[in-house]
1. Please give the net charge around T297, taking every other residue with its beta carbon less than 15 angstrom from that of T297, where Lys and Arg add +1 and Asp and Glu add -1.
2. If you take every residue apart from G238 with its C-beta less than 11 Å away from the C-beta of G238, what net charge results, scoring Lys and Arg +1 and Asp and Glu -1?
3. Based on DSSP H runs of at least 4 residues, each adding -39500 (n - 2.57), what is the mean residue ellipticity at 222 nm of the chain after dividing by all its residues, to the nearest 500 deg cm²/dmol?
4. If I fit a long axis through the Cα atoms of helix 44-65 and take the longest principal axis of the Cα atoms of the chain, what angle between them do I get, 0 to 90°, rounded to 10?
5. What residue among Y53, I122, I339 has its Cα farthest toward the positive end of the dipole of the chain, where the charges are +1 on Lys, Arg and -1 on Asp, Glu, each on the Cβ?
6. If you place +1 on the Cβ of every Lys and Arg, -1 on the Cβ of every Asp and Glu, and leave all else neutral, what size is the dipole of the chain about its Cα centre, to the nearest 20 Debye?
7. Pick out, from M44, F299, S30, the residue whose Cα sits farthest towards the positive end of the charge dipole of the chain, with +1 on the Cβ of Lys and Arg and -1 on the Cβ of Asp and Glu.
8. Taking amide H positions as placed in the peptide plane 1.01 Å from N, state which residues far from S9 in sequence (5 or more) or on other chains have amide H under 5 Å from it.
Amino acid sequence: MLENKGKISLRQTLLLYLTLIFSPSIRFVSTYTAHIAKQASYLMPIIALFSLYIMFLLLDKTIKKYNDKPMTTIITLIIGKTAGKILLTVYALWILIMTALFTRYYAERLVTSIFSDTNISIFIAIMLIIVLITLKSGLTILARMNEIINPIIGIVFFLLVIFLLPQVKLKNLMPISYIDILPVLKSSPGTISLWGYIFFIFLISDEISHKENLMKQSLYASLYLAFYTIVLLIVVIGSLGSSVTEKSPLPFMSAVKLISVFDILEKIESFAVIVWVLSDFVLIATLSYITLRLIGTIFNLKDEKPLLNIFILVLYLLALLITVRKFDLERFSYTVANIGDIALTLIIPPIILLIGLMKKKKKAA
(Lines give C-alpha, C1' and ligand atoms only; values in the text may rest on other atoms or scores of the structure.)
Protein backbone atom coordinates (compact mmCIF):
# COMPACT_ATOMS: atom_id res chain seq x y z
CA MET A 1 0.00 0.00 0.00
CA LEU A 2 2.80 2.44 0.89
CA GLU A 3 4.44 2.05 -2.52
CA ASN A 4 1.22 3.33 -4.14
CA LYS A 5 0.90 6.34 -1.82
CA GLY A 6 0.76 9.60 -3.78
CA LYS A 7 0.03 7.76 -7.01
CA ILE A 8 -3.13 7.57 -9.08
CA SER A 9 -4.64 4.23 -10.00
CA LEU A 10 -4.73 2.90 -13.54
CA ARG A 11 -8.50 3.37 -13.53
CA GLN A 12 -8.11 7.04 -12.60
CA THR A 13 -5.46 7.40 -15.29
CA LEU A 14 -7.73 6.05 -18.01
CA LEU A 15 -10.59 8.24 -16.81
CA LEU A 16 -8.28 11.26 -17.07
CA TYR A 17 -7.37 10.16 -20.58
CA LEU A 18 -11.02 9.81 -21.64
CA THR A 19 -11.90 13.22 -20.23
CA LEU A 20 -8.97 15.16 -21.67
CA ILE A 21 -9.46 13.63 -25.11
CA PHE A 22 -13.15 14.63 -25.18
CA SER A 23 -12.75 18.35 -25.92
CA PRO A 24 -10.31 18.09 -28.86
CA SER A 25 -12.33 15.16 -30.21
CA ILE A 26 -15.50 17.25 -30.26
CA ARG A 27 -13.70 20.14 -31.94
CA PHE A 28 -11.38 18.36 -34.34
CA VAL A 29 -12.46 14.83 -35.24
CA SER A 30 -15.75 15.57 -37.03
CA THR A 31 -14.36 18.37 -39.19
CA TYR A 32 -11.11 16.60 -40.09
CA THR A 33 -12.71 13.23 -40.82
CA ALA A 34 -15.66 14.62 -42.80
CA HIS A 35 -13.25 16.54 -45.04
CA ILE A 36 -11.63 13.27 -46.17
CA ALA A 37 -14.04 10.38 -45.56
CA LYS A 38 -17.30 12.28 -46.19
CA GLN A 39 -20.44 10.28 -45.35
CA ALA A 40 -18.38 7.19 -44.37
CA SER A 41 -16.59 9.06 -41.56
CA TYR A 42 -18.27 7.04 -38.79
CA LEU A 43 -16.27 3.96 -39.90
CA MET A 44 -12.95 5.68 -39.10
CA PRO A 45 -12.91 4.93 -35.31
CA ILE A 46 -12.67 1.21 -36.11
CA ILE A 47 -9.25 1.84 -37.70
CA ALA A 48 -8.22 4.16 -34.87
CA LEU A 49 -9.30 1.56 -32.29
CA PHE A 50 -6.93 -1.01 -33.79
CA SER A 51 -4.02 1.47 -33.62
CA LEU A 52 -4.83 2.44 -30.03
CA TYR A 53 -4.87 -1.22 -29.02
CA ILE A 54 -1.38 -1.65 -30.50
CA MET A 55 -0.16 1.36 -28.52
CA PHE A 56 -1.53 -0.06 -25.26
CA LEU A 57 0.01 -3.44 -26.10
CA LEU A 58 3.44 -1.89 -26.69
CA LEU A 59 3.19 0.15 -23.47
CA ASP A 60 2.17 -2.91 -21.48
CA LYS A 61 4.96 -5.13 -22.82
CA THR A 62 7.60 -2.41 -22.46
CA ILE A 63 6.70 -1.56 -18.86
CA LYS A 64 6.75 -5.25 -17.91
CA LYS A 65 10.03 -5.93 -19.75
CA TYR A 66 11.72 -3.02 -17.99
CA ASN A 67 10.40 -4.03 -14.54
CA ASP A 68 8.02 -1.08 -14.14
CA LYS A 69 10.73 1.58 -14.46
CA PRO A 70 9.50 5.14 -15.20
CA MET A 71 8.82 5.68 -18.90
CA THR A 72 11.30 8.57 -18.99
CA THR A 73 14.00 6.22 -17.67
CA ILE A 74 13.00 3.53 -20.16
CA ILE A 75 13.39 6.02 -23.03
CA THR A 76 16.94 6.93 -21.94
CA LEU A 77 17.81 3.25 -21.57
CA ILE A 78 16.57 2.54 -25.09
CA ILE A 79 18.11 5.44 -27.06
CA GLY A 80 20.84 6.63 -24.69
CA LYS A 81 21.05 9.32 -22.04
CA THR A 82 21.86 12.28 -24.33
CA ALA A 83 19.36 11.36 -27.04
CA GLY A 84 16.80 10.59 -24.36
CA LYS A 85 17.20 14.02 -22.75
CA ILE A 86 16.85 15.68 -26.16
CA LEU A 87 13.70 13.70 -26.95
CA LEU A 88 12.17 14.45 -23.55
CA THR A 89 12.94 18.15 -24.11
CA VAL A 90 11.13 17.98 -27.46
CA TYR A 91 8.14 16.36 -25.75
CA ALA A 92 8.13 18.97 -22.97
CA LEU A 93 8.20 21.85 -25.48
CA TRP A 94 5.58 20.26 -27.69
CA ILE A 95 3.17 19.47 -24.86
CA LEU A 96 3.61 23.05 -23.61
CA ILE A 97 2.71 24.39 -27.07
CA MET A 98 -0.32 22.11 -27.33
CA THR A 99 -1.46 23.10 -23.82
CA ALA A 100 -1.29 26.76 -24.86
CA LEU A 101 -3.22 25.92 -28.04
CA PHE A 102 -5.95 24.11 -26.12
CA THR A 103 -6.13 26.97 -23.61
CA ARG A 104 -6.62 29.45 -26.45
CA TYR A 105 -9.27 27.23 -28.06
CA TYR A 106 -11.16 27.02 -24.78
CA ALA A 107 -11.24 30.82 -24.48
CA GLU A 108 -12.09 31.35 -28.16
CA ARG A 109 -15.00 28.95 -27.82
CA LEU A 110 -16.49 30.89 -24.90
CA VAL A 111 -16.07 34.23 -26.66
CA THR A 112 -17.53 32.89 -29.90
CA SER A 113 -20.50 31.03 -28.43
CA ILE A 114 -21.63 33.01 -25.37
CA PHE A 115 -19.52 35.98 -24.20
CA SER A 116 -18.89 37.81 -27.46
CA ASP A 117 -18.14 41.17 -25.78
CA THR A 118 -15.63 39.83 -23.24
CA ASN A 119 -11.85 40.09 -23.56
CA ILE A 120 -10.40 36.66 -24.26
CA SER A 121 -7.53 37.16 -21.80
CA ILE A 122 -10.01 37.11 -18.89
CA PHE A 123 -11.14 33.56 -19.67
CA ILE A 124 -7.54 32.40 -20.14
CA ALA A 125 -6.57 33.91 -16.78
CA ILE A 126 -9.54 32.36 -14.94
CA MET A 127 -8.83 28.88 -16.31
CA LEU A 128 -5.11 29.04 -15.52
CA ILE A 129 -5.72 30.30 -11.97
CA ILE A 130 -8.00 27.29 -11.36
CA VAL A 131 -5.37 25.00 -12.91
CA LEU A 132 -2.69 26.58 -10.68
CA ILE A 133 -4.72 26.00 -7.51
CA THR A 134 -5.47 22.41 -8.52
CA LEU A 135 -1.89 21.49 -9.42
CA LYS A 136 -0.61 22.89 -6.14
CA SER A 137 -2.70 20.16 -4.50
CA GLY A 138 -1.15 17.49 -6.73
CA LEU A 139 -2.16 14.98 -9.39
CA THR A 140 -4.18 12.82 -6.98
CA ILE A 141 -6.60 15.69 -6.30
CA LEU A 142 -7.06 16.27 -10.03
CA ALA A 143 -7.72 12.56 -10.56
CA ARG A 144 -10.34 12.52 -7.78
CA MET A 145 -12.03 15.61 -9.21
CA ASN A 146 -12.12 13.91 -12.59
CA GLU A 147 -13.94 10.91 -11.11
CA ILE A 148 -16.87 13.32 -10.74
CA ILE A 149 -16.28 15.29 -13.94
CA ASN A 150 -16.02 12.29 -16.27
CA PRO A 151 -19.50 10.84 -15.55
CA ILE A 152 -21.04 14.32 -15.85
CA ILE A 153 -19.49 14.73 -19.29
CA GLY A 154 -20.70 11.30 -20.37
CA ILE A 155 -24.26 11.83 -19.13
CA VAL A 156 -24.64 15.28 -20.75
CA PHE A 157 -23.04 14.14 -24.01
CA PHE A 158 -25.33 11.13 -24.44
CA LEU A 159 -28.41 13.16 -23.43
CA LEU A 160 -27.54 15.64 -26.18
CA VAL A 161 -27.07 12.73 -28.57
CA ILE A 162 -30.53 11.38 -27.73
CA PHE A 163 -32.07 14.81 -28.40
CA LEU A 164 -30.13 15.03 -31.67
CA LEU A 165 -31.23 11.65 -33.04
CA PRO A 166 -34.45 13.00 -34.63
CA GLN A 167 -32.29 15.42 -36.65
CA VAL A 168 -30.15 12.63 -38.12
CA LYS A 169 -30.89 11.96 -41.78
CA LEU A 170 -29.93 8.59 -43.24
CA LYS A 171 -29.13 10.16 -46.61
CA ASN A 172 -26.24 12.06 -44.97
CA LEU A 173 -24.65 8.75 -43.90
CA MET A 174 -25.18 6.80 -47.10
CA PRO A 175 -24.16 5.30 -49.44
CA ILE A 176 -21.03 3.49 -48.32
CA SER A 177 -19.08 0.92 -50.36
CA TYR A 178 -15.59 -0.49 -50.87
CA ILE A 179 -14.48 2.76 -52.52
CA ASP A 180 -14.79 4.44 -49.09
CA ILE A 181 -12.07 2.22 -47.61
CA LEU A 182 -9.19 4.42 -48.80
CA PRO A 183 -10.74 7.75 -47.67
CA VAL A 184 -11.54 6.23 -44.27
CA LEU A 185 -7.92 5.04 -43.94
CA LYS A 186 -6.61 8.46 -45.01
CA SER A 187 -8.81 10.21 -42.44
CA SER A 188 -7.63 8.07 -39.50
CA PRO A 189 -4.12 9.50 -38.73
CA GLY A 190 -5.57 12.73 -37.29
CA THR A 191 -7.71 10.84 -34.77
CA ILE A 192 -5.05 8.20 -34.08
CA SER A 193 -2.52 10.92 -33.24
CA LEU A 194 -5.04 12.53 -30.89
CA TRP A 195 -5.81 9.23 -29.19
CA GLY A 196 -2.04 8.76 -28.95
CA TYR A 197 -2.02 11.31 -26.12
CA ILE A 198 -2.10 8.25 -23.91
CA PHE A 199 1.67 8.13 -24.49
CA PHE A 200 1.99 11.64 -23.05
CA ILE A 201 0.20 10.45 -19.91
CA PHE A 202 2.46 7.41 -19.59
CA LEU A 203 5.50 9.68 -19.60
CA ILE A 204 4.63 9.98 -15.89
CA SER A 205 4.10 6.23 -15.53
CA ASP A 206 5.93 6.25 -12.18
CA GLU A 207 2.89 8.04 -10.73
CA ILE A 208 0.47 5.34 -11.93
CA SER A 209 -0.25 2.25 -9.85
CA HIS A 210 -1.72 -1.15 -10.79
CA LYS A 211 -0.27 -1.06 -14.32
CA GLU A 212 -0.31 -4.87 -14.37
CA ASN A 213 -4.00 -4.58 -15.34
CA LEU A 214 -3.29 -2.29 -18.28
CA MET A 215 -4.48 -4.52 -21.13
CA LYS A 216 -7.79 -5.43 -19.49
CA GLN A 217 -8.75 -1.92 -18.38
CA SER A 218 -7.40 -0.25 -21.52
CA LEU A 219 -9.66 -2.47 -23.64
CA TYR A 220 -12.75 -1.10 -21.87
CA ALA A 221 -11.48 2.48 -22.23
CA SER A 222 -10.65 1.99 -25.92
CA LEU A 223 -14.04 0.49 -26.75
CA TYR A 224 -15.81 3.32 -24.95
CA LEU A 225 -13.69 5.92 -26.79
CA ALA A 226 -14.40 4.30 -30.15
CA PHE A 227 -18.12 4.01 -29.35
CA TYR A 228 -18.66 7.65 -28.41
CA THR A 229 -16.57 8.80 -31.40
CA ILE A 230 -18.75 6.74 -33.75
CA VAL A 231 -21.86 8.19 -32.10
CA LEU A 232 -20.40 11.71 -32.36
CA LEU A 233 -19.71 11.31 -36.08
CA ILE A 234 -23.14 9.80 -36.76
CA VAL A 235 -25.11 12.58 -35.03
CA VAL A 236 -22.97 15.45 -36.38
CA ILE A 237 -22.63 14.31 -39.98
CA GLY A 238 -26.10 12.75 -39.93
CA SER A 239 -27.71 16.04 -38.90
CA LEU A 240 -25.50 18.57 -40.73
CA GLY A 241 -24.17 16.58 -43.68
CA SER A 242 -20.47 16.08 -44.45
CA SER A 243 -20.12 19.24 -46.57
CA VAL A 244 -21.38 21.51 -43.75
CA THR A 245 -19.44 19.57 -41.08
CA GLU A 246 -16.08 19.92 -42.79
CA LYS A 247 -16.50 23.70 -43.07
CA SER A 248 -17.80 24.26 -39.55
CA PRO A 249 -15.29 25.30 -36.84
CA LEU A 250 -17.56 23.86 -34.12
CA PRO A 251 -19.72 21.21 -35.82
CA PHE A 252 -21.05 19.59 -32.65
CA MET A 253 -22.24 22.97 -31.35
CA SER A 254 -23.86 23.65 -34.73
CA ALA A 255 -25.67 20.32 -34.48
CA VAL A 256 -26.76 20.96 -30.89
CA LYS A 257 -28.38 24.24 -31.96
CA LEU A 258 -30.77 22.18 -34.11
CA ILE A 259 -32.29 20.63 -30.98
CA SER A 260 -35.78 21.79 -30.09
CA VAL A 261 -37.81 19.99 -27.42
CA PHE A 262 -41.04 21.93 -26.93
CA ASP A 263 -38.85 25.07 -26.67
CA ILE A 264 -37.82 23.94 -23.17
CA LEU A 265 -34.23 23.45 -24.25
CA GLU A 266 -33.91 26.60 -26.31
CA LYS A 267 -30.50 27.28 -24.77
CA ILE A 268 -29.39 23.67 -24.69
CA GLU A 269 -26.05 24.57 -26.25
CA SER A 270 -25.12 25.97 -22.81
CA PHE A 271 -25.00 22.38 -21.52
CA ALA A 272 -22.55 21.49 -24.28
CA VAL A 273 -20.37 24.48 -23.42
CA ILE A 274 -20.29 23.53 -19.71
CA VAL A 275 -19.25 19.99 -20.54
CA TRP A 276 -16.63 21.31 -22.93
CA VAL A 277 -15.17 23.65 -20.28
CA LEU A 278 -14.94 20.79 -17.76
CA SER A 279 -13.07 18.67 -20.29
CA ASP A 280 -10.80 21.61 -21.15
CA PHE A 281 -9.94 22.05 -17.47
CA VAL A 282 -8.86 18.41 -17.15
CA LEU A 283 -7.00 18.60 -20.46
CA ILE A 284 -5.06 21.77 -19.58
CA ALA A 285 -4.33 20.70 -15.99
CA THR A 286 -3.14 17.21 -16.95
CA LEU A 287 -0.89 18.36 -19.79
CA SER A 288 0.51 21.14 -17.58
CA TYR A 289 1.37 18.59 -14.90
CA ILE A 290 3.06 16.29 -17.44
CA THR A 291 5.11 19.19 -18.83
CA LEU A 292 6.26 20.20 -15.34
CA ARG A 293 7.25 16.62 -14.55
CA LEU A 294 9.24 16.40 -17.79
CA ILE A 295 11.03 19.65 -16.95
CA GLY A 296 11.86 18.22 -13.53
CA THR A 297 13.22 15.03 -15.12
CA ILE A 298 15.30 16.88 -17.70
CA PHE A 299 16.94 19.12 -15.09
CA ASN A 300 17.04 16.48 -12.32
CA LEU A 301 14.82 18.50 -10.00
CA LYS A 302 13.52 16.93 -6.80
CA ASP A 303 10.37 19.07 -6.78
CA GLU A 304 8.77 20.94 -9.70
CA LYS A 305 6.21 22.87 -7.61
CA PRO A 306 8.46 25.96 -7.20
CA LEU A 307 8.26 26.30 -11.01
CA LEU A 308 4.46 26.20 -11.06
CA ASN A 309 3.81 29.95 -10.83
CA ILE A 310 6.28 30.88 -13.58
CA PHE A 311 5.04 27.99 -15.71
CA ILE A 312 1.43 29.24 -15.52
CA LEU A 313 2.60 32.74 -16.45
CA VAL A 314 4.49 31.41 -19.48
CA LEU A 315 1.44 29.37 -20.47
CA TYR A 316 -0.78 32.45 -20.17
CA LEU A 317 1.48 34.52 -22.42
CA LEU A 318 1.90 31.70 -24.92
CA ALA A 319 -1.88 31.16 -25.13
CA LEU A 320 -2.34 34.86 -25.92
CA LEU A 321 0.51 35.06 -28.43
CA ILE A 322 0.16 31.71 -30.23
CA THR A 323 -2.06 33.35 -32.88
CA VAL A 324 -3.76 36.70 -33.38
CA ARG A 325 -6.82 35.72 -35.40
CA LYS A 326 -9.13 32.71 -35.07
CA PHE A 327 -8.47 31.84 -38.71
CA ASP A 328 -4.74 31.56 -37.94
CA LEU A 329 -5.58 29.39 -34.92
CA GLU A 330 -7.50 26.93 -37.12
CA ARG A 331 -4.73 26.91 -39.73
CA PHE A 332 -2.05 26.30 -37.09
CA SER A 333 -4.12 23.46 -35.62
CA TYR A 334 -4.71 21.68 -38.93
CA THR A 335 -1.12 22.03 -40.18
CA VAL A 336 1.65 22.42 -37.60
CA ALA A 337 -0.22 20.93 -34.62
CA ASN A 338 -1.57 17.97 -36.56
CA ILE A 339 1.81 17.12 -38.10
CA GLY A 340 3.56 17.45 -34.73
CA ASP A 341 1.01 15.22 -33.01
CA ILE A 342 1.33 12.57 -35.71
CA ALA A 343 5.13 12.56 -35.33
CA LEU A 344 5.17 12.53 -31.51
CA THR A 345 2.28 10.15 -30.83
CA LEU A 346 1.81 8.03 -33.95
CA ILE A 347 5.36 7.57 -35.29
CA ILE A 348 8.06 8.04 -32.62
CA PRO A 349 6.54 6.17 -29.61
CA PRO A 350 5.91 2.84 -31.43
CA ILE A 351 9.41 2.95 -32.94
CA ILE A 352 11.06 3.57 -29.55
CA LEU A 353 8.94 0.96 -27.76
CA LEU A 354 9.63 -1.65 -30.47
CA ILE A 355 13.37 -0.94 -30.32
CA GLY A 356 13.22 -1.33 -26.55
CA LEU A 357 11.48 -4.69 -26.81
CA MET A 358 13.96 -5.90 -29.45
CA LYS A 359 16.90 -4.87 -27.26
CA LYS A 360 15.51 -6.83 -24.32
CA LYS A 361 15.04 -9.93 -26.50
CA LYS A 362 18.65 -9.74 -27.70
CA LYS A 363 19.96 -9.48 -24.12
CA ALA A 364 17.79 -12.41 -23.09
CA ALA A 365 19.18 -14.47 -25.98
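1. Taking every other residue near T297 into account, the sum is +2.
2. +2
3. On the way: 17 runs with 262 residues, N = 365.
So the helix-based figure for the chain works out to -23500 deg cm²/dmol.
4. 10
5. Y53
6. Using Cβ point charges on Lys, Arg, Asp and Glu, the chain gives about 1220 debye.
7. Checked the options; the winner is F299.
8. When sequence neighbours closer than 5 places are left aside, the close amide H contacts are S209.
The values are calculated or read from the model by the stated rules, or taken from the named source; none is laboratory data. This one's a predicted model, so the numbers in the text were calculated from it and none came from an experiment. Note that each Cβ is placed from the backbone with ideal geometry, even for glycine, and that neighbours are counted across all protein chains shown. Quick note on the areas: whole protein, heavy atoms, side chains included, nothing else; ligands and nucleic acids left out. Shrake-Rupley method; radii C 1.70, N 1.55, O 1.52, S 1.80 Å.
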